[in-house]
Structure formats: C-alpha cells, structure tokens
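**Student:** Would you mind keeping the following structure in view while I ask a few things?
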Amino acid sequence: MDKERIKAFADRVFGDMASTMSAGMAYVGVKTGLFRTMAGKPPMTAADLASAAKLQPRYVEEWLSGMASAGYLEYDAAARTFRLPDEHAFLLASEGTDHFVGGLYLMAPVLLRVAPKVADAFEKGGGVRFEDFGPDAVVGLDVMNSGTYEHRLAGYWMKSLPQVVAALEAGGRALDVGCGVGRISIALAKAFPKAEIVGIDPDAESIRQAQAAAQAAGLGSRIRFAAQSTREASAGDGFDLVTAFDCIHDFAEPRRTLSEIRALLKSEGTLFISEPRASDRLEENFNPVATMYYGFSLFHCMTQSLANGGPGLGTCMGPARLQALLQEAGFSRFEPLNIRSQVQAFFAARP
C-alpha cells in the first residue's frame, strides 16, 4: 500500500471530524447568541464575552478556543482576546437576512440525532418520518429558509415569471405545496395584496406555526393554511401559481402528487419549483455543497420518503429526473429558470 496515501487520508479523516466538531460548536454559537454578541465588537477576552452574553465563563472559554482553532474567530495571543471578523459575522450573526447560515448549524444535531435510526434502516428498510425529527427540525428548516424567502422570492425570483406576477397583481390565486411554517405564503401575501394565498402541508405542527406567523405579520385573514395533502386540496377555480420549494424530492408518491398539482392549476397556470442545485452526473457533484446535500438526503429527505413507502428520490435527484417526473405527471412544458443561486436551482412547469 501507498503509505503517503494512507497518511493523506488519515489527515482527511481528522479534518472531517474537526469539521463535524466545528459544526457542533457553531450550533452552540448560534443557539446561545454568542456570534451575535461578538458581531461588530472589538476583541474580547473570555471573561468579557461571558459577561456580555450572560453565560457560564468556563463553557465560553472552551468554545472560544475551539472556534479560534477552527478559524471562525481571530485570536491575539499576546492580549488573549478573540474577535469575530465582520466577514464571518455577515454569515453567522445576520439573522433574518438572505445570507444567514445559522440554520445549517441548527439542523446539524437534528440530522445526526437520527443517524442510529437511519443505520437500522439500512438493514430493516423503512426510514425516519418527518414527525420523528421533533420540533427542532421545524425550527431549523425555518431559520435556514425564512430570510431567503423574505428577501428574494417576490423581489427577485418571481421576476422570472412575469405572466404569473401579472395574474397575482390582478387578484389571482396561489397555492404553496409543502408550505412548512408559511414563509413563502407570507412573502406572496405581502407582495400581492389582491391575491388569494393558500398554504398546505401534511404536518399539523408546521401549519400551527404558519398560522401564528401569519397572524403576527398581520396577514392572518389573507392566507388560508390547511394540514392536508394535494389529494385533499380543493382546486376551486384553479390556481395561477403553485409553488413547490425544496419538497418534490421528499414526496412519497411523486408522480401522483405532481399529477394532483397539475389538476389544481389553471390551464395557463405555472408550477414554480425550487430544488437543491445538483448535477445529473455523480462525478459533477464532488463538491462541498453536494456533499452537504447527500448528508441531508441520507439523514432527512430520502429517509422520509422511504419511511412512507416512497421511492426515496434524494436531495440530489437532478434536473433530468425532475423533468421526467413532470412529463409522466402530464406537464407539457418544463423550463429551467435563469435565477442565480449557489445552492438552489429553479424551474417552471406548465400543463
């Protein structure tokens, strides 16, 4: 065997474990507000930070050491002080913006917590249902996406669909499938005050939080949420827009569900899709974003589908598989949309 290759891979193993521990420590930084406390501040000692954050000094001291070792913080050895660079704070202490990454760290323990159950599923089949992830998963997913939906959906992404925009401005109808805690529905209601907005999701807890969020935003009377599937949803006069963001790869019955979505659309309506950005070719997915997505798939997305008897399409199913599913469901037009994003790909499908 090649000893240098063994050494290089050993370094990789330690590096991967270091990254895992870094993610865990970053979770603590987001959860406790430590990053937020350090943002925009001059260098701080451990005692300074513990006092400012009102947290236990010994824990803060060890956390600072670990985050400095991981390169998240700057350390001045002579003064024994720590600083969060502004460029890092831009990502770590920017809650509510479209560039906040804290939701990724909040999801890390949610995903790894079910790793033993997923390992069992390798032998026994099945998987982990969404409700088994617990309330932390609902919160983590919301924090991951809410700022992006708030700042980009209506102001940027929807510009790729001028026909839909015109319909909603005139009082059209929009349905958000897999609405979660309602951030897309709320963003649409804010942008299109004349439109009728409906959000559906099979998870009752997500719907409860969506209704509360809509009330808090003063939009409770303008959005209708329901804990139901597309099979149970009423088309009424049909929808001008159906959104399916980050959920088609989760479906237990993708062809049937997409066929039901098609039946809910008006003849000239549009299904607006967002899916994780991934190539159809495995060898083109050898990068950090795709590696992250394969982990999300194994511990969250794919296992949910398999737990419900689905095909387990996986987070990185790719645009070709998506197009084939839509065609099988009866959609006649499929269009990739020119929306810039490092992590998401966007598509429009029409009956």
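Any read-out appearing in this document is the output of simple, stated calculations on the displayed coordinates, not a laboratory observation. Here the structure is a predicted model, which is why all the values come from computation and not from measurement. Cβ: placed from backbone, ideal geometry, glycine included. Neighbour counts: every protein chain shown.
**Student:** Please give the residues of region 153-186, grouped as numeric ranges, whose backbone N is less than 17 Å from a label point set 7 Å along the Cα-to-Cβ vector of Arg333.
**Tutor:** Output list for this probe position: 158-168.
**Student:** Let me ask another. For Asp120 and Ala204, calculate 0.36 nm times their separation in residues minus their Cα-Cα distance, and state this gained length in nm to one decimal. Walk me through the numbers before you get to the answer.
**Tutor:** Details: separation 84, 0.36 × 84 = 30.24 nm, distance 2.71 nm.
Going from the current span to full extension adds 27.5 nm.
**Student:** Tabulate in residue order the Karplus-calculated ³J(HN,Hα) for region 243-258, using 6.51 cos²θ - 1.76 cosθ + 1.60 with θ = phi - 60°, rounded to whole Hz; enter x for Gly and Pro.
**Tutor:** 9, 9, 9, 6, 9, 4, 5, 8, 4, 7, 10, x, 5, 5, 5, 5
**Student:** Taking a cut-off of 15 Å between Cα atoms, list the aspartates and glutamates near Lys117, but don't count ones fewer than 8 places away on the same chain.
**Tutor:** Within reach: Glu131, Asp132.
**Student:** Just to check I understand the Karplus step: with θ = phi - 60° and J = 6.51 cos²θ - 1.76 cosθ + 1.60, what whole-Hz values come out for region 269-284, glycine and proline as x?
**Tutor:** These are the phi-based 3J(HN,Hα) values: x, 10, 9, 9, 10, 10, 9, x, 6, 8, 8, 6, 9, 3, 5, 8 Hz.
**Student:** In what sequence, highest mean first, do 9-19, 283-293 appear when ranked by Cβ atoms within 10 angstrom? All intermediate terms of the calculation are to be shown ahead of the outcome.
**Tutor:** Numbers: 9-19: 10.5, 283-293: 12.9.
Ranking, from highest mean packing down: 283-293, 9-19.
**Student:** So, one more: If you work out Rg and Dmax of the Cα atoms in Å from the coordinates, which of (i) 22.1, 70; (ii) 19.4, 64; (iii) 20.4, 65 do you get?
**Tutor:** Looking at Rg and Dmax of the Cα atoms in Å for this model, the match is (i).
**Student:** If I model a spin label as a point 7 Å beyond the Cα along the Cα-Cβ vector, how far apart are those points for Ala10 and Thr291 in nm?
**Tutor:** Here the modelled spin labels are 2.0 nm apart.
**Student:** In terms of the Cα gyration tensor, with a ≥ b ≥ c the square roots of its eigenvalues, is region 3-93 rounded because a/c is under 1.5, prolate because a/b exceeds b/c, or oblate?
**Tutor:** Values: a/c = 2.16, a/b = 2.01, b/c = 1.07.
Here region 3-93 falls in the prolate category.
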